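Participant: Below: one structure in structure tokens.
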Amino acid sequence: MCVAVCLGALVARHVPVVPAGIAVAAAWLARRPRLLIVSAAVLASGLAWHALDGLRAPPPAVVRGRWVTLLTDPEPATGGAVGVEVRFGRRHAQAFARGSAAGALAARLAGEHVRVDGVLRPLSDRQRGRLRWRHISARLSIDAVTGTRAANFIGRSANAFRRIVFRGADALPAGLRPLFGGMVLGDNRGQSAELADAFRAAGLTHLLVVSGENVAFALLVCAPLIRRGSLWWRFAATMAVLLAFGTLTRWEPSVLRAEAMAAVAAAGALAGRPVAAGRLLALAATGCVLVDPLLVGSVGFRLSVAACTGLVVLTPPLRRRGVPLLLAASIGAQLGASVVLIPTFGTVPLVSLPANVLAVPVAGPLMMWGLTAGTVAGVLPGLAPLLHAPTHLALAWEAGVATHAAALPIAPLGAVAAAVVGVAVVLALIRRSLVVPAAVAVLIVVGLSLRGPASSNTATEVAPGVTLWVVDGRSVLAIGGLVPAAAVDELRARRLHRVDVLVVTRPGSGAASAAWPLIHAFRPRVVLAPEHHQVAGAHTARLGAVVVVGGAELRVVDAGPPLRVRVTRLTTLAPDGRDPPPR
């Protein structure tokens, strides 16, 4: 039924939802499984059609004195702007503010209300396809914020708690505070591109935001309170904790999936009918999609369900074969998530297995300590340095694991290699032997991942606007305009771990912002940019210049936008390790 409902939500059709709902109820009461599956799929399809129909683009309009509700926490965007998702009436919009309006908006939090002046515009086709799962149908440019109102009681309480926890986190080093906010409260604002890329390359992105496991940690923190009293008290207390934690962490898709599972488990315990893990996941995913059919378009929701499926299906048999719990859970979750990772991103980070084994055991205590001791630190700031000493050590450990794992010369697995590993694990479970997957993993690591990029004297476009030269084992990377977010992953999939020369072909802040993820990921030894560039630390390459990098020469053949560079020869870098200036 879960698969049928998800497929129905993907294939939206204009079908009457009321008869479909009646058919679902009748099939459930009559205990007719096949009819229930078909009618639930039809209902999901009809609900998805109505949800998409509500996303029709509004006509352009000038907004004056309109009250909107913030759906997310405002965060910095490109060009000094502040971005946030808002609800006005029954519509959701992606809003941006600059100047004084950005300053007034930046201090607000989700759930609060602001009165704005601005311009409402429809989204482009590309934006609409990317944002529709969040029910966003318009773009709002905010010119002025003319008033503010507090959130409702639940939102006001959650925001007050977040401010207390972040006040206590001021005792942490500035570089670790955004990591603390992401791992404890799901607030990833302010996280550096370098750290975010390291966690992504190490397969630890789920730790940067609140994920399903954090729901279990929150219930564990509140367990002494929940366990006191009758079954009805336990059920009510569990639901209250889930509501509070969801509001606190802004109802991310992975949190929705985990909270739905916890709610179904609590209802089963109340009814005296414990629910098996597989059925628990299927019921929770089905319920989430029926409530919001557009969730099937969320990569986060897909990854959460797929990883949890891998945990449920593969971890128990691996444990029975003697595999340690952490390793078995990492293998199961990674193989499950690969079903979504490969079609979406093209690769699976192989280094994530050891990285998760090292990082996940610290994430649970960190989250629980951050919620409890972090609250005390916010109330008593004088004790914050002492209370957050363990937090500091745990955050430094997590950041160190991600950074060192990302720096390892281990390329991510492609589709074929990941499929071979998955088949090997399944065969091992059937034959009750771990020799086959171990041998396959070693062969893949040694044969595919530890090799450097192949030598080539031709230019290769690895992504739109990203060109790579590899000459005599040295690499030159040229980027122009906006760089796709998947460019870093694509370069890593080509087993590129260091860039010798990075050429930014266009001036302006947009090109500089696009260059930073690549600079952080590949640490180029020399960065070239045209005149009037805004890339910190880059050398300016003028028309006709011959840029000498040790014994290598790059000739600038056109200084106008876009900047053109011809690779004359690239054989060696400066013997003293320094970056000689261009001439």
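Participant: Can you send over the carbon and sulfur percentage of the accessible area for segment 226-277, probe radius 1.4 Å, protein chains only? Walk me through the numbers before you get to the answer.
Facilitator: Values: 1840 of 2740 Å².
Carbon and sulfur: 67 percent of the exposed surface of segment 226-277.
Participant: Let me ask something else. Taking 56 Å as R0, compute the FRET efficiency from the Cβ-Cβ separation of GLN534 and ASN152 and round it to 0.05. Each step should come with its number before you reach the end.
Facilitator: Details: r = 43 Å, r/R0 = 0.76.
That pair, GLN534 with ASN152, gives E of 0.85.
Participant: Only Cα pairs under 8 Å and at least 6 apart count here; give the relative contact order of segment 48-133 as a rounded whole percent. Intermediate results must be reported in sequence, preceding the final value.
Facilitator: On the way: 130 pairs, mean separation 32.3, N = 86.
It rounds to 38 percent for segment 48-133.
Participant: How many percent of the accessible area of segment 130-217 is carbon or sulfur, using a 1.4 Å probe? Before the final figure, lay out the partial values.
Facilitator: Values: 1980 of 3550 Å².
After summing per-atom areas, the C and S share lands at 56 percent.
Participant: Just to verify a number: FRET efficiency for ALA271 and HIS520, C-beta to C-beta distance, R0 = 41 Å, to 0.05? Walk me through the numbers before you get to the answer.
Facilitator: Values: r = 51 Å, r/R0 = 1.26.
My answer for the efficiency is 0.20.
Participant: Follow-up. Find how many whole Å separate the alpha carbon centroid of segment 64-84 from the alpha carbon centroid of segment 138-164.
Facilitator: That distance is 10 Å.
Participant: When you take every Cα atom in segment 99-145, what is the radius of gyration, and what is Dmax, the widest Cα pair distance, in Å?
Facilitator: 12.5, 31
Participant: A further question follows. Please report Rg (one decimal) and Dmax (integer) in Å for the Cα set of segment 90-180.
Facilitator: 16.0, 45
Participant: Further question: Quote the relative contact order of segment 185-248 in percent (integer), defining contacts as alpha-carbon pairs under 8 Å separated by 6+ residues.
Facilitator: Working: 28 pairs, mean separation 19.0, N = 64.
Averaging sequence separation for qualifying contacts and normalising by length gives 30 percent for segment 185-248.
Participant: Percent of accessible area on segment 52-95 owned by carbon and sulfur, 1.4 Å probe? Mind dumping the intermediate values first?
Facilitator: Details: 1190 of 2330 Å².
Of the solvent-accessible surface of segment 52-95, carbon and sulfur hold 51 percent.
Participant: Rolling a 1.4 angstrom probe over the protein heavy atoms, how many square angstrom per residue are accessible across segment 123-278? Don't skip to the end; give the middle numbers.
Facilitator: Numbers: 7320 Å² over 156 residues.
It amounts to 47 Å² per residue over segment 123-278.
Participant: With no solvent and one equal point scatterer placed on each C-alpha of segment 294-416, evaluate the Debye formula and give log10 I(q)/I(0) for q = 0.09, 0.16, 0.21, 0.22 Å⁻¹, two decimals.
Facilitator: Ignoring solvent entirely, the Cα scatterers give -0.35, -0.91, -1.16, -1.20.
Participant: Can you list which of the chymotrypsin sites (Phe, Trp or Tyr not before Pro) found in segment 160-252 are DSSP loop residues with at most 10 other C-beta atoms within 10 Å?
Facilitator: Values: sites: PHE161, PHE166, PHE180, PHE199, PHE217, TRP232, TRP233, PHE235, PHE245, TRP251; in loops: TRP251.
Within segment 160-252, no chymotrypsin sites (Phe, Trp or Tyr not before Pro) qualify (loop, at most 10 other Cβ atoms within 10 Å).
The values are calculated or read from the model by the stated rules, or taken from the named source; none is laboratory data. What you see is a predicted model; the values in this text were computed from it and never measured. Heads up, the Cβs are rebuilt from the backbone with ideal geometry, glycines too, and the neighbour counts pull from every protein chain shown. These accessible areas exclude ligands, DNA and RNA; they are computed on the full protein's heavy atoms, side chains included. Shrake-Rupley method; radii C 1.70, N 1.55, O 1.52, S 1.80 Å.
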